[in-house]
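The values are calculated or read from the model by the stated rules, or taken from the named source; none is laboratory data. Bear in mind that the values here come from a model prediction, so they are computed numbers and not experimental data. Methodologically, a virtual Cβ is constructed for each residue, glycine included, from the backbone with ideal geometry; neighbour enumeration extends over all protein chains shown.
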């Protein structure tokens, strides 16, 4: 059986659903979302806390609430097909997709345009190499979140959390509310990478200690975790000898970073950005391979789902135009790069077609926390745009809108940098 | 009367404004540093009667998942949050449930309903 679609979207989370709706609105006749889980919504379904959708829906929703609004819109459109429990195995460069599910077995799907919205995965114990045996009870925070919020299992009774990003903080509160004792949260950096509101309402509210500039050296226990050895680190993140101490626990949760999930993009040899770990895209979220688009956390890890939805819309609209042969090929490409303290910039390319420059929104992350800096967007020695920032943190994405007239003044190379005020 | 200044990080939205509340004994003498009225309201509440929204799960029978996420319709007194979560760990509902359905009315007599955060069939 061969299925033919204008736009095929891989991943039914917030980026994928927004992309599907936007593709339809822009003129794609038939759209397909392929999702490997049993329902749409992606990671939102396990993020049961509130705080989602302030930009998009002007109200504070839970993760499932935010997902639910999009799922309803997707279901109302009869020209959007959804394949659940379906895993994409391979994609050919001519946009033939091979997927598999328990009901239909192997499926061949032909697409005019493909959008990658696979999201990201968590870094694991292996990625940070903690010494010790391999006892049960070591989980990534997101895996534990799914167990506690969706599957009905409690991963431990006495927990230590490594990493104070938002997922780590949210899980500290969640485990506490479920009756688990959270012994401590440890953070390698001298500051928390999570939002201040989460430090307040997830840790301070429950008197959970946060040890900054600390790491875990060893996991104890053979069959089951019995404790961890922690230590303080110096400014260069090196362990300070003599600062070691033990904490008793039966569970260790790791919240130590996210990596965009790009096996499919890499199989196609799409150009990747080594810093974001996502594909290099232009302002339409088109990758280096014509007709292949990407949006959401598969491109770069976002802070807010609202921006993920927005990126999905950009990719969805452009993919629909591509499928209908309405997306003009780029006559010229401007390269955008971050230097001097700006670690990542998305999009990494700006395509100029029909001689017309369009407004472009740039999403950036800085390499380290800086105070009183100016963000400078320059091209060929000319200052295109600048913005003063009282504070810039790696954990908070910076968004700058480049108006059409500013984009038109740019030459082949655009750099974004931080300049310290003197 | 003794004047005390408390620095507070607002938790209303992801901005996390850092502001100050000046207290003259139990009286609020001034609030500053918050960029929106919601922040000022939060600060006034936080020093007098702090409140938190509760999100947790309850057991559900006959649904495609064993758990239903729930949320307090409005914020609860901060000191009652744990007690409410413990109470809800013994609540069980039956599928189907729609987002917004009341799962537990007037929890612990606090005047706040706990409602379903999603549809579950």
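When residue A:110 is tested against (1) in contact (Cβ under 8 Å) with a residue 40 or more places away in the chain; (2) crowded, with 16+ Cβ neighbours inside 10 Å; (3) assigned by TED's automatic domain parsing to the domain that holds residue A:314, just one condition goes unmet, and that condition is (2).
Selection of strands (runs of 3 or more DSSP E) fully inside segment A:10-105 by the criterion of at least 1 residues being free of Cβ contacts under 8 Å to residues at least 24 places away in the same chain returns A:50-52, A:87-91, A:96-101.
Once segment A:271-281 is narrowed to residues that are in contact with a helix residue (DSSP H, G or I) (Cβ under 9 Å, 6 or more places away or on another chain) and in a loop (DSSP other than H, G, I, E, B), the residue that is nearest to residue A:114 (Cα to Cα) is A:281. Within the bounds of segment B:31-38, is there any residue that is touching a helix residue (DSSP H, G or I) at 6+ places or on another chain (Cβ under 7 Å), in a loop (DSSP other than H, G, I, E, B) and within 9 Å of another protein chain (Cβ to nearest Cβ)? No: zero hits. Of everything listed in (1) part of a helix (DSSP H, G or I); (2) more than 17 Å from residue A:48 (Cα to Cα), the single unmet condition for residue B:90 is (1).
State which residue is nearest to the other protein chains (Cβ to nearest Cβ) when the search covers only segment A:190-209 and only residues that are buried (at least 18 other Cβ atoms within 10 Å of the Cβ) and within 22 Å of residue A:235 (Cβ to Cβ). Only one residue tops the list, namely A:199.
Looking across segment A:270-290, the residues that are more than 17 Å from the chain's Cα centre (by Cα) and free of Cβ contacts under 8 Å to residues at least 60 places away in the same chain come down to A:270, A:271, A:288, A:290. The listed residues are B:13, B:84, and the only one of them that is surrounded by fewer than 19 Cβ atoms within 10 Å (Cβ to Cβ) and touching a residue at least 24 places away in the same chain (Cβ under 8 Å) turns out to be B:13. Selection of segment B:40-80 for residues being more than 9 Å from every other protein chain (Cβ to nearest Cβ) and assigned to a loop (DSSP other than H, G, I, E, B) yields B:49, B:62, B:63, B:73, B:74, B:75. Among the residues of segment A:241-269, the one identified as at positive phi and touching a residue at least 60 places away in the same chain (Cβ under 8 Å) is A:257. The number of residues in segment A:133-149 that are more than 30 Å from residue A:279 (Cα to Cα), touching a helix residue (DSSP H, G or I) at 6+ places or on another chain (Cβ under 9 Å) and surrounded by 18 or more Cβ atoms within 10 Å (Cβ to Cβ) comes to 3. Residues in segment A:97-124 that are out of contact with any strand residue (DSSP E or B) (no Cβ under 6 Å at 6 or more places or on another chain) and over 30 Å from residue A:162 (Cβ atoms): A:101, A:102, A:103, A:104, A:105. You will find that of A:130, A:167, A:96, A:161, the residue that is surrounded by fewer than 18 Cβ atoms within 10 Å (Cβ to Cβ) and either more than 14 Å from chain B (Cβ to nearest Cβ) or within 19 Å of the chain's Cα centre (by Cα) (or both) is A:96 and no other. Criterion applied to A:65, A:42, A:53 was being within 12 Å of chain B (Cβ to nearest Cβ), in contact with a helix residue (DSSP H, G or I) (Cβ under 8 Å, 6 or more places away or on another chain) and crowded, with 16+ Cβ neighbours inside 10 Å, and the one residue passing it is A:53. Does residue B:52 fit the bill of being in contact with a helix residue (DSSP H, G or I) (Cβ under 6 Å, 6 or more places away or on another chain) and within 18 Å of residue B:78 (Cα to Cα)? In short, yes.
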